[in-house]
Amino acid sequence: MITVTNVSLRYGDRKLFEDINLKFTPGNCYGLIGANGAGKSTFVKILSGEIEPQTGSVSITPGERLAVLKQDHFQYEDEEVLKVVVMGHTRLYEIMQEKDAIYMKADFSEADGMRAAELEGEFAELNGWEAESEAAILLKGLGINETLHTKKMAELAGSEKVKVLLAQALFGKPDILLLDEPTNHLDIKAIQWLEEFLINFENTVIVVSHDRHFLNKVCTNIADLDFGKIQIYVGNYDFWYESSQLASRMAQDANKKKEEKIKELQAFIARFSANASKSKQATSRKKLLDKITLDDIQPSSRRYPFVGFSPNREIGNDLLRVEGLSKTIDGVKVLDNVSFIMDKNDKIALVGRNEIAKTTLFKILAGEMEPDAGTFKWGVTTSQAYFPKDNSEYFEGTDLNLVDWLRQFSPQDDSESFLRGFLGRMLFSGDEVLKKASVLSGGEKVRCMLSKMMLSGSNVLLLDEPTNHLDLESITALNNGLISFKGSIIFASHDHQFIQTTANRIIDITPKGIIDKQMSYDEYLENNELQKQLEEMYA
């Protein structure tokens, strides 16, 4: 169990938390949620001991082990993959290192023998003999092939390093597990494996995630960080969301009734206070009125941007024809004879384990990259807006403020009042619009890119991982905006709920071609025959 007592933290005049008192108990998975900048990652660092709170303390039941998902993907570049996983259990790894050093001594003494015997006993108690096999099972479950287990971390791709660090955190059955955005960069198969692992995990888990489907699957409780406080609610994310919305409506209704009562009392007092026969009654009503106070309903720190795409023209039936697209990058063929026809009202989710393949297809369709072979043709009634996974080129090296940055992409109205109003709907208000575009956070850049796309009036949207860097509120707003969009979409995302609620067609890019199905994402994942076909195409 992990106990938080009177924890507070401020940065200058900004209060992150104040007098936090919580208990995280075994057998539960807590989803820590809150707006971007509310302090979720900071709170996890306080729990792990990486950051000291200004007041209060964090205590762990004696003898329990805490494991944390490391965020530095380059920390172990010279270490072997399997060894990095075992390092997740610090004490076990120390014993292994000390044992090896003793057994390698040329002058092995009696004292060394006694020490080695002590270490062997502790090694066995910690299940050391099964360490490498357990590490291999974790890696395999997350999709790291056995051929990579003895490689150096430096030889792995970025997404593979993320999986190794996740296996490191899960290794050795820790008593308390802290996971900050564990699904980032994971493919759907790895996410599903992690969901099952956490569902069956018997100890304490605290997880930060922007993936609503993931939170719904694994969480037994939601820890809501808002107003500088953390409140724990029983249930998963959807249950918390519906409950919080209901509570807010009930509080507003209660205040509304109080306001009506106050008006009634004020009217009575005004009418009868001058009447001698009613004066006592008026006085008692006045006393009653003084006791009535409106509940202080604080506006939540959560803000929902407005995301709405309005096409300038209706799309025709001739939309997009792709024939035999192939592309090799760095000696690896990432697209192999890809062909499909996009129809009116299609909302296509590109899925598959190869991130480069999906991004390459987006770049080709957006005209930013030439294919090695094959052709594609957009219909004459179409206009496309593209959201790239890497948007840095739009922001680096510019001195423009947000108003002037957005003005570059405004074909209809470039007045400051129009642009300020548009930015305001995307949560840039007041002097925030005068910030330099080059200093924006990841989430702010995404909102700017979405603003650019909305101004375009395009009837076809190409979106490569648009939910990256967004908080849950912005993801919800974007999700709703795409659902109501009257044009056509091709998009990629790791957000299960985002895909399920937006897409009506799935295209899976495999090493041996594509699988193209007109169905929802859940139907696609649940189709056993498709799964067999996928296994063959990925084999």
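Tell me whether the chain comes out rounded, prolate or oblate; compute the Cα gyration tensor, take square roots of the eigenvalues as a ≥ b ≥ c, and use a/c under 1.5 as the rounded threshold.
oblate
Would you check the accessible area of LYS258, probe 1.4 Å, heavy atoms only, in square angstrom rounded to 10?
70
By how many nm would the segment from SER415 to THR55 grow when fully extended, if each residue of separation counts as 0.36 nm and the alpha-carbon distance is taken off?
Residue separation times 0.36 nm, minus the Cα-Cα distance, leaves 124.7 nm.
Under a straight-distance cross-link criterion of Cα-Cα below 17 Å, which aspartates and glutamates are reachable from LYS486, leaving out those fewer than 8 residues away in the same chain?
Partners found: GLU314, ASP318, ASP343, ASP346.
So for ARG313, ARG212, what's the accessible-area order with a 1.4 Å probe, most first? Don't jump to the answer; show the numbers that get you there.
Values: ARG313 130, ARG212 15 Å².
Ranked list, largest accessible area first: ARG313, ARG212.
Can you run phi through the Karplus equation (6.51, -1.76, 1.60; θ = phi - 60°) for the stretch 527-537 and list ³J(HN,Hα) in whole Hz, with x for Gly and Pro?
7, 5, 5, 5, 5, 5, 4, 4, 4, 5, 6
If MET87, MET342 are ordered by their accessible area, calculated over protein heavy atoms with a 1.4 Å probe, which sequence runs from highest to lowest?
Per-residue accessible area, sorted high to low, gives MET87, MET342.
Return the subset of LYS83/LYS105; LYS105/LYS151; LYS70/LYS189; LYS363/LYS445; LYS333/LYS389; LYS70/LYS99 for which the Cα-Cα distance in this structure is over 24 Å, preserving the input order.
Exceeds cut-off: LYS105/LYS151; LYS70/LYS99.
Per DSSP H run of at least 4 residues, take -39500 (n - 2.57); add these up for the chain, divide by its residues and hand me the 222 nm value, nearest 500 deg cm²/dmol.
Here the helix-only value at 222 nm equals -12500 deg cm²/dmol.
Please compute the per residue accessible area over the chain with all protein chains in place, 1.4 Å probe, rounded to a whole number of Å².
On a per-residue basis, 49 Å².
For the stretch 158-199, just run the numbers: alpha carbon Rg, then divide by 2.2 N^0.38 Å, N being how many residues it has.
1.09
At 0.36 nm per residue, minus the direct Cα-Cα distance, what do ALA366 and THR3 gain on full extension? Give it in nm, one decimal, please.
Working: separation 363, 0.36 × 363 = 130.68 nm, distance 5.15 nm.
Between ALA366 and THR3, full extension yields 125.5 nm more.
Divide, for the stretch 456-538, the radius of gyration over alpha carbons by 2.2 N^0.38 Å, where N is the residue count.
Expressed relative to 2.2 N^0.38 Å, the Cα Rg reads 1.19.
The values are calculated or read from the model by the stated rules, or taken from the named source; none is laboratory data. From a predicted model like this one, the values you see are computed outputs, not experimental measurements. Accessible surface is based on the protein model in full, side chains and every heavy atom, while ligands, DNA and RNA are left aside. Shrake-Rupley method; radii C 1.70, N 1.55, O 1.52, S 1.80 Å.
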